[in-house]
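FYI, it's all coordinate maths here, none of it is from the lab. Small disclaimer: the values here were computed from a predicted structure and weren't measured. Positions of Cβ are generated from backbone atoms using ideal geometry, with glycine treated the same way; all protein chains shown enter the neighbour counts.
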Amino acid sequence: MNTKKGFTVLELILCIVFVGVFVVLFFLQKVNVDAMNRDEQRKVAINAIYYALEEGYYEEHKSYPETIDNESALPWIDPQLFTDPYGTALWQEDSDYTYEATNCDNGECKSYTLRAEMEKEDAYVKNSRH
């Protein structure tokens, strides 16, 4: 009886195809998970800014700022929260975050809208409470 040890070419090709499919699926899923994590970071930042405006700024000034152009506008929150996952700050062009004040008079505004552009879902929007 003549037996040879080893794999056939067909078996090797099938193994390579299966490994290739699993690698592609892994990286596709990794890209989705990373995007969902960045979306969660955006939500956390918008919520922190929202509560800083409502519980801190509004309580002290009885109005909202016309613009948020640096960290000193809301000094009691972590400055990193003003920066989107790609490193662009709220007051810079092309940021994922926007602050739109409305009903303004002499730098004091009665309302605002905070918005974060998301990757995997619709924009995350918070409107002023008062």
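Roughly what angle does helix 9-51 make with the longest principal axis of the chain, taking Cα atoms, 0 to 90 degrees, to the nearest 10? Orientation of helix 9-51: about 10 degrees from the principal axis.
Tally Lys/Arg at +1 and Asp/Glu at -1 over every other residue whose Cβ is under 14 Å from the Cβ of LYS62; what's the total? Summing Lys/Arg as +1 and Asp/Glu as -1 gives -4. Give the lysines whose C-alpha is closer than 22 Å to that of LYS30, dropping any in the same chain fewer than 8 places away, or say none. The qualifying lysines are LYS43, LYS120. Rg over Rh for region 44-130 works out to 0.94, using Cα positions for both radii and the Kirkwood form for Rh. In a reduced charge model with +1 at each Lys and Arg Cβ and -1 at each Asp and Glu Cβ, the chain shows a dipole moment near 1080 debye about its Cα centre. When the GluC sites (Glu not before Pro) in region 56-105 are filtered for DSSP coil states and for at most 14 other beta-carbon atoms within 10 Å of their beta-carbon, the remaining sites are GLU93. For region 17-130, relative contact order (Cα pairs under 8 Å, six or more residues apart, normalised by length) works out to 25 percent. Checking every one of the chymotrypsin sites (Phe, Trp or Tyr not before Pro) in region 46-130 against DSSP loop status and a limit of 16 other Cβ atoms within 10 Å picks out TRP76, TYR86, TRP91. Any idea which of TYR64, TYR97, ALA45 is furthest toward the positive side of the dipole for region 36-100, if Lys and Arg beta-carbons carry +1 and Asp and Glu beta-carbons -1? So the residue furthest toward the plus end is ALA45. Phi-derived couplings, Karplus 6.51 cos²θ - 1.76 cosθ + 1.60 at θ = phi - 60°, listed residue by residue for region 58-66: 5, 4, 7, 9, 6, 7, 10, x, 6 Hz, with x used for Gly and Pro.
Across region 75-87, coupling constants 3J(HN,Hα) worked out from phi with the 6.51/-1.76/1.60 Karplus curve, θ = phi - 60°, read x, 8, 10, 4, x, 5, 5, 7, 9, 6, x, 9, x Hz, and Gly and Pro carry x. Counted without the sites themselves, the longest stretch of the chain free of trypsin sites (Lys or Arg not before Pro) in a DSSP loop having at most 13 other beta carbon atoms within 10 Å is 63-119. Applying a 4.7 Å Cβ-Cβ cutoff to the chain leaves CYS15 as cysteine residues with no disulfide-compatible partner.
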